[in-house]
Each structure stands twice: as structure tokens, then as C-alpha cells.
Amino acid sequence: MIRRFKAALCLLTISAAAAPAAIVYAEAAETGDTEQSAFREAVKFGFTGEAIQGGVMIGDAPAGTRSLAFDGEPVPFDEDGKFIIAFNRDAGQAAQLVATLDNGETVRKFINVALRQWKIEHVNINRRARTASESFKRRRAPELARINAARSATNKSDGWRQTFIWPVKGRISGMFGNQRIYNGDPGSYHSGVDIASPAGTYYVAPADGVVTLAASSPFTLEGNLLMIDHGMGLNSAFLHGSEILVEEGQEVKRGEPIGRIGSTGSATGPHLHWSMKWNAARIDPILLTGPMD
């Protein structure tokens, strides 16, 4: 196997010296030639996870990868070649991942993204207008600035590589991606999963990370907001808590208590709203944890 791997790298070097940078398609047909098979093994992507709207995939970059791009945007990767990509709730059916190798060649992987059927509810009431008032906008602006700063923070954490756990167990009262249409006016889709649980119940970190936002007073919509960076652009937000038990900059471990359930902010009863993003993509937490036991 080691000889085959060296042969593959040798072929990459020879082809780079003999001709301009080439494109290698990860789905290229197999041949009976042993060296060509070794070459293709060396330049393959590997994945775990599902290519689906709201989903996350952990990947292994081809040997000798110098840089990665996902739909034109750069993607960081670890020394062992592992990386993460995710698909927004409204992602299209096709995506492209490109690895540029040390010898200048590029390896392209075309990804078919599975579409989902979201629950759309039509209601004959008008949307509440409070978020459009000038007084609300003045209160909201500094909150949004803090949220955006927390989401853009980059911390060293391997939480993104872990198997995520549920931060709390309870009745799921709101699903990711659901949306209401108010008298023909589309509202925002539900950005996370809601878990109903008694007020004061502890919730825990679903994976390792670094606290990037711990509200000292309730935000107008989110209430006592807590945000955690799991590394590589993946982050979690926990809304409506009665109490936050950690501080900004603190490292937390999977399973560690980080807050208590409440109904602060825009909430009709005690529950935890858990939302996740990878860079700009909103993703479905249940696709990382699996169904609740």
C-alpha cells in the first residue's frame, strides 16, 4: 500500500513537471492499471456525514493538498487533512469542492445535495410589527453587532470533530427549517431546534468549544444568549436561558453544564432554542446528534 501511495505521488510530480496544471476529477472512471488506481486513491476525497440541506460533512482532503475551496470560498483543514463543510437550509442541489495540490494540480469533487420538504404553515394573521419600530432597531443594533462578532471569532477547538450530544433532553417543540406565511407574507424560518424542559433545568455543551458570547443581560429576542465556537467555523447558540454558567473566553467540554433553561427574550414558555451555523450556513442540529433517545 505504501508503494502504491508513493507511486501515486510520483505520478503527480511527473505530470506537474511535464505539463501545465491539470484538473483531476474525483469521480474519474477506474481502469485496470495498478499505477492509475494508486493515483486515484491518492487524490480521492473521503467523507462522513450527509450531503443534505441543513447537513454537515467531515472530509479528508487528498494527499498533498495545499488549499481547499467550497463553492469558491476557502476552507481550512487540519494537519491530518480533515475539514468540515455544511449546507445551508436553502442550499441548491449542487455544490463543488476543489483541492489544489502542492504540485499545482486541482482535484474537483461535485456534490449532489439532497433537498428537504419543510413544514410551511399558512396563518391568517398579520406579522407582529414590533421588530420594525425605530426604538427596537436602536436596541437591536448593538446586540446584532455582538452576535456577528461572536460568529466571526476563530478559536482553536476540536469540538467540530466530535460526535455531538443533545444539550438537554425533553419534548421537541420546534423543528429546524419550519416556516410560517402570514397572510401571504413569509416569516423567517425556524433557525434551530426547540427543546421544552422545566425552568431551571441544566443544559450542557453538545461538544467542546470556546465561549464567544455570554449575555450579561437578556437580549431583546434571544434573552440570555450563550454562543460557543466549536472550531473551523462551526458554532452553537443557546437562547432563552434563565442563567448562564460560563464566561466569555472560557473553554468548555462536551457534557459540561453551561446554563439553565428559561423563557427570557421572545419565548412563550421555558425551553432551549439551540441553533447552529457553519460560517454563513444555518444547519440542523439533529443531523449532528441523531434522534433523541
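The lysine pair tally for the range 79-192, using Cα distances under 30 Å and a gap of 8 or more places or different chains, is 6. Normalising the Debye intensity of the range 99-174 to I(0), with uniform scatterers on Cα atoms only, and taking log10 at q = 0.14, 0.16 Å⁻¹ returns -1.15, -1.23. If R0 is taken as 30 Å, the Cβ-Cβ distance between Q96 and S263 corresponds to a FRET efficiency of 0.10.
Can you give the log10 of the normalised intensity I(q)/I(0) at q = 0.12, 0.15, 0.22 Å⁻¹, computed with Debye over equal Cα scatterers of the range 159-262? Those come out to -0.42, -0.64, -1.22, one per q. Rolling a 1.4 angstrom probe over the protein heavy atoms with all chains in place gives the range 189-293 an accessible area of 35 Å² per residue.
Quick check on packing: order 60-70, 242-252 by the mean number of other C-beta atoms within 10 Å, highest mean leading.
Order by mean packing, descending: 60-70, 242-252.
Taking only protein heavy atoms and a 1.4 Å probe, the accessible area of the range 145-261 is 48% carbon and sulfur. Between Q117 and R140, residue separation times 0.36 nm minus the direct Cα-Cα distance comes to 5.1 nm.
For the range 79-118, the fraction of C-alpha pairs farther apart than 11 angstrom is 72 percent.
Counting only Cα atoms, the size of the range 67-193 along its three principal axes is 60, 34, 34 Å, in decreasing order.
For the range 87-170, with every protein chain kept in place, what is the accessible area per residue (1.4 Å probe, Å²)? Could the numbers behind the result be given before it?
On the way: 5220 Å² over 84 residues.
Each residue of the range 87-170 exposes 62 Å² on average to a 1.4 Å probe.
The values are calculated or read from the model by the stated rules, or taken from the named source; none is laboratory data. No experiment lies behind these values; they were computed from the predicted model shown. Cβ sites come from the backbone with ideal geometry, for glycine too, and all protein chains shown count toward neighbours. Accessible surface areas use protein heavy atoms only, side chains included; no ligands, DNA or RNA. Shrake-Rupley method; radii C 1.70, N 1.55, O 1.52, S 1.80 Å.
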